[in-house]
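The structure appears right after this line, and notes come after that.
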Amino acid sequence: MHILAIYGSPRKGGNSEVLLEHFLAPFENANSALIEKIRLYELNFSPCLECGECERNGSCKLKDDFFFLYSKLLKVDLLVLSTPVFFYSHPAMVQAFFERLQPFWIRKNVFKEKLRKVPLKGVLLCIGATRGEKLFDGIKRSFKYALSALDGELIGNVFVRGVEKKGEILGKKSALKKAEELGLKILREFQRA
Ligand SMILES: Cc1cc2nc3c(=O)[nH]c(=O)nc-3n(C[C@H](O)[C@H](O)[C@H](O)COP(=O)(O)O)c2cc1C
């Protein structure tokens, strides 16, 4: 099992990072998965420039730090994104990540290519400071759309409200447990398959 874990926050050691570590703990304990962790804010890459290159040949002409992710994204079994809510949406680098999936969207929807044999599984972990009912609606919709461009589907999420200061998530024991339980459930499903 190959997991790509994406840290979407610019704050190192922040709340979404702690939540992601709890989700990954069962896989790390079982020692049966290859886990690659990527901090978007440590990469140097641009959002989509809408140059039209991918519409012509299905690939991106930008040779920046995102480039190595193109082949990886088609190989992984599970993509997990952990991110805070910024302005009722996601941080800018998460948006740039989504936009750079456009070549896959073109290959799938315009060139009618089958990108993968088995659909990619996606998990979304997300944290916000406030308690709005629709706090996670925007990011959930965007992530589902991003997964769909990759021939993927959302199989689970954990949303945590009311967490703002760095480390505050540690007081949300039930949310951390939920993330760990979701990880364990997915690990078992993969082991059964
Ligand atoms: C630029 C910025 C925008 C934010 N916008 C929202 C928001 O719209 N709604 C909300 O509930 N929290 C918002 N927050 C709070 C963060 O989601 C919250 O502090 C979260 O715990 C940060 O997670 P992290 O430590 O993983 O970065 C915002 C924080 C920042 C820095």
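Quick note: the coordinates plus some simple rules give every number you see, no bench work behind them. Worth saying up front: this structure is predicted, and the values here are computed from it rather than measured. Here the Cβ positions follow ideal geometry from the backbone for every residue, glycine too, while neighbour counts run over all protein chains shown.
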- prompt: For region 40-133, list the helices (runs of 4 or more DSSP H) that sit wholly inside it and hold at least 3 residues that are in contact with a helix residue (DSSP H, G or I) (Cβ under 9 Å, 6 or more places away or on another chain) and away from the ligand (no atom under 16 Å from the Cβ); which are they?
  reply: 53-57, 69-75, 102-109
message: Which count do you get for residues in region 143-156 that are without any contact (Cβ under 8 Å) to a residue 60 or more places away in the chain and either within 13 Å of the ligand (Cβ to nearest atom) or among the aromatic types (F, W, Y) (or both)?
response: 1
Inter-residue pairs, beta-carbon under 8 Å, first farther than 23 Å from N31 by Cβ and in region 170-191, second assigned to a helix (DSSP H, G or I) and hydrophobic (A, V, I, L, M, F, W, C), 6+ apart: L170/V18; L170/L176; A175/L19; A175/I169
- prompt: How many residues does region 1-12 hold that are out of contact with any strand residue (DSSP E or B) (no Cβ under 6 Å at 6 or more places or on another chain) and either within 8 Å of the ligand (Cβ to nearest atom) or part of a strand (DSSP E or B) (or both)?
  reply: 2
statement: Apart from one, (1) within 16 Å of the ligand (Cβ to nearest atom); (2) over 18 Å from L4 (Cβ atoms); (3) not in a strand (DSSP E or B) all hold for F159; the odd one out is (3)
Meets criteria (surrounded by fewer than 18 Cβ atoms within 10 Å (Cβ to Cβ) and assigned to a helix (DSSP H, G or I)) for G138: yes
Test: residue in region 99-120 that is among the polar types (S, T, N, Q) and surrounded by 14 or more Cβ atoms within 10 Å (Cβ to Cβ): yes
field: Close pairs from region 1-28: first within 20 Å of A96 (Cα to Cα), partner assigned to a loop (DSSP other than H, G, I, E, B) and more than 8 Å from the ligand (Cβ to nearest atom), Cβ under 6 Å, at least 6 apart
entry: L4/V76
statement: Residue count, region 63-87, condition in contact with a Ser or Thr (Cβ under 9 Å, 6 or more places away or on another chain), surrounded by fewer than 16 Cβ atoms within 10 Å (Cβ to Cβ) and not acidic (D, E), comes to 1
